[in-house]
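The values are calculated or read from the model by the stated rules, or taken from the named source; none is laboratory data. All values reported here derive from a predicted model rather than from experimental measurement. Positions of Cβ are backbone-derived with ideal geometry, glycine not excepted, and every protein chain shown enters the neighbour counts.
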Amino acid sequence: MITIIPAIDIIEGKCVRLTKGDFTLKKIYNEDSLQVARQYQSIGIKRLHVVDLDGARARKIINWKTLAAICEATNLAVDFGGGVQSDKDIRLAFDCGANQITAGSVAVNNRKMVLNWLETFGSDRIILGSDFKDKRIAVSGWQEGTNLDLLPFLVDYKEQGVKTTICTDVNRDGVLQGPNFEIYQLIKQEIPELELIASGGIHSIFDVEKLNEMNIDGVIIGKAIYENKISFDELEKFLC
């Protein structure tokens with residue numbers, strides 16, 4: 001059964017969503033991110049994807065107090081990303097209670113450090129963030145492209161011990177037009193042992209059901225929940 005992982009993206013402590021990573025297209029859904037996290041826990045959600053968007057731009061953790069509040073006040077297993085760019089940052093995230101961190105831009109910009117994190121903290125605690133535009137990796141809060149092809153990037157880190165990746169199609173994120181099923185199917189075929197969490201474009205419960213049929217391990221859902229395209233009742237069958 002696919003794992004449902006709601007997203008809380010944070011700017012100035014508030015729960016927001018962007019469109020295609022564009023900060024000028026910000027929409028605030030709740031002034032209190034902790035309240036949102038508690039609501040998810042109340043319906044049976046077990047895992048939460050928390051992103052510090054301020055941190056992604058600043059290249060250091062900014063909203064650590066919000067992270068700490070969520071981890072302290074709930075029993076949710078939190079994976080945290082956005083601004084985790086140094087040994088100081090990763091220790092801060094774990095000290096605040098994060099169960100896992102997502103290494104995105106830093107996995108491109110400082111491979112040596114990420115490999116050291118895998119050795120120091122263990123592969124169960126380090127998720128590879130593989131955000132992509134047109135099949136190439138994107139970094140710095142999706143504001144910069146790279147020449148790195150998605151699949152070789154995943155294969156390389158899998159060979160270095162990575163067990164899990166969150167794979168986000170930036171062109172689909174926040175636009176509610178459906179996920180990139182083709183890419184996810186390809187990744188599952190080529191690297192079946194890699195735990196794959198799909199992200200970007202989810203717009204209905206039918207998307208979730210199709211990903212489940214494809215044996216995708218997890219799905220991150222953001223705007224579809226906040227815009228009432230997917231109800232808590234519809235998610236219930238996946239929360240057993």
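Is there any pair linking a residue in the stretch 114-140 that is under 19 Å from E193 (Cα atoms) and in a strand (DSSP E or B) to one that is among the aromatic types (F, W, Y) and at pLDDT 95 or above, with Cβ under 7 Å and at least six apart or on different chains, and which?
Here the result reads I126/W117; L128/Y157; S130/F153, each pair linking the stretch 114-140 to a residue that is among the aromatic types (F, W, Y) and at pLDDT 95 or above.
Say we look at the stretch 179-217 and pick out the residues that are on the phi > 0 side of the Ramachandran plot and crowded, with 16+ Cβ neighbours inside 10 Å; which of these is farthest from the chain's Cα centre (by Cα)?
G201
Restrict the check to the stretch 35-47 and report whether at least one residue is farther than 21 Å from K133 by Cβ, surrounded by fewer than 19 Cβ atoms within 10 Å (Cβ to Cβ), polar (S, T, N, Q) and in contact with a Leu (Cβ under 8 Å, 6 or more places away or on another chain).
yes
Just for the stretch 20-41: of the residues that are of a type in the set (S, T, Y) and touching a helix residue (DSSP H, G or I) at 6+ places or on another chain (Cβ under 8 Å), which one is nearest to I202 (Cα to Cα)?
Y29
Among the candidates A56, A68, A93, single out the residue that is modelled with pLDDT under 95, in a helix (DSSP H, G or I) and farther than 20 Å from N180 by Cβ.
A56
Please work out which one of (1) touching a strand residue (DSSP E or B) at 6+ places or on another chain (Cβ under 6 Å); (2) within 20 Å of A7 (Cα to Cα); (3) of a type outside the set (D, E); (4) at pLDDT 95 or above is the condition I187 fails and give its number.
Of the numbered conditions (1) touching a strand residue (DSSP E or B) at 6+ places or on another chain (Cβ under 6 Å); (2) within 20 Å of A7 (Cα to Cα); (3) of a type outside the set (D, E); (4) at pLDDT 95 or above, the odd one out for I187 is (2).
Among the residues of the stretch 104-141, write down those that are farther than 19 Å from I191 by Cα and in contact with a Phe, Trp or Tyr (Cβ under 7 Å, 6 or more places away or on another chain).
A138
Looking only at the stretch 94-116, count every residue that is crowded, with 20+ Cβ neighbours inside 10 Å and either more than 15 Å from the chain's Cα centre (by Cα) or of a type in the set (S, T, N, Q) (or both) and tell me the total.
Number of matching residues: 6.
Taking the stretch 189-220 as the region of interest, how many residues are touching a residue at least 12 places away in the same chain (Cβ under 8 Å) and under 21 Å from R125 (Cα atoms)?
13
Select from the stretch 98-129 the residues that are polar (S, T, N, Q) and at pLDDT 95 or above and list them in ascending order.
If the condition is that a residue be polar (S, T, N, Q) and at pLDDT 95 or above, then N99, Q100, T102, N110, N116, T120, S123 are the ones that fit.
Could you list all residues from the stretch 6-34 that are assigned to a strand (DSSP E or B), among the acidic types (D, E) and surrounded by fewer than 21 Cβ atoms within 10 Å (Cβ to Cβ)?
D22
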